[in-house]
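In what follows, a structure is listed as structure tokens, so that the remarks can point back to it.
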Amino acid sequence: MTASGASVLDTLNEGKVSVTLEGIDAGKQITLTVTNLVASPLVVRFPKGQLDFDIGTSDLHTLIRVSLPSSEIKELGAGKSASTTFPQTGKTRLRSGKVILKKTADGMSKSFENLSVGAGDP
């Protein structure tokens, strides 16, 4: 991890954080909540540009794209969470509900709460 923090995708894939994606404003925006799962503090970086989250299941491939207009740094104490809201820019949008992503020994765990996914604005 650099002084500016490890990327949110790297820390997710390393199992250090869970990520909750919540669709708001009928899919125009998305709130990302990052929760520290390790016993020590973390510095997590949301890099400027696009982040892609695969929220698909074995039956359905669904990619949610988030566009970050600028880089953000979040400092998370052990067990603590931080949230930020960004525009969604992909063809498929998380319109409402939540997806919780967490790395486990068996791969990426995905849990869903009142999920609604649909096409984005043209």
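What follows is calculated from the coordinates using simple rules that are stated; it is not laboratory data. All values derive from a computational prediction rather than experimental measurement. Reconstructed Cβ throughout: ideal geometry from the backbone, glycine too, with neighbour counts over all protein chains shown.
Full extension of the chain between SER40 and ALA26 gives 1.4 nm of extra length, using 0.36 nm per residue less the Cα-Cα distance. Under a GNM of the chain (C-alpha, springs under 10 Å), which listed residue has the highest mean-square fluctuation: ASP52, ASP106, ASP25? Checking each option, the largest mean-square fluctuation is seen for ASP106.
Under 23 Å of direct C-alpha separation, and excluding same-chain neighbours fewer than eight residues apart, LYS91 reaches these lysines: LYS28, LYS48, LYS110. With θ taken as phi - 60° and the Karplus curve 6.51 cos²θ - 1.76 cosθ + 1.60 applied, the whole-hertz 3J(HN,Hα) list for the range 91-97 is 5, 10, 10, 7, 7, 7, x Hz, x standing for glycine and proline.
Taking the alpha-carbon centroid of each part, what is the distance from the range 28-80 to the range 84-115 in angstrom? Cα centroid of the range 28-80 versus Cα centroid of the range 84-115: 9 Å apart. One entry in [x] 30, 15, 12; [y] 28, 18, 14; [z] 23, 17, 12 is semi-axes √(5λ) of the Cα gyration tensor in Å calculated from the shown coordinates; its label is [z]. Normalising the average separation of contacting C-alpha pairs (under 8 angstrom, six or more residues apart) by the number of residues puts the relative contact order of the range 6-105 at 38 percent. Rounded to the nearest 20 debye, the dipole magnitude of the range 1-118 is 200 debye, with +1 charges on Lys and Arg beta carbons, -1 on Asp and Glu beta carbons, and the Cα centre as origin.
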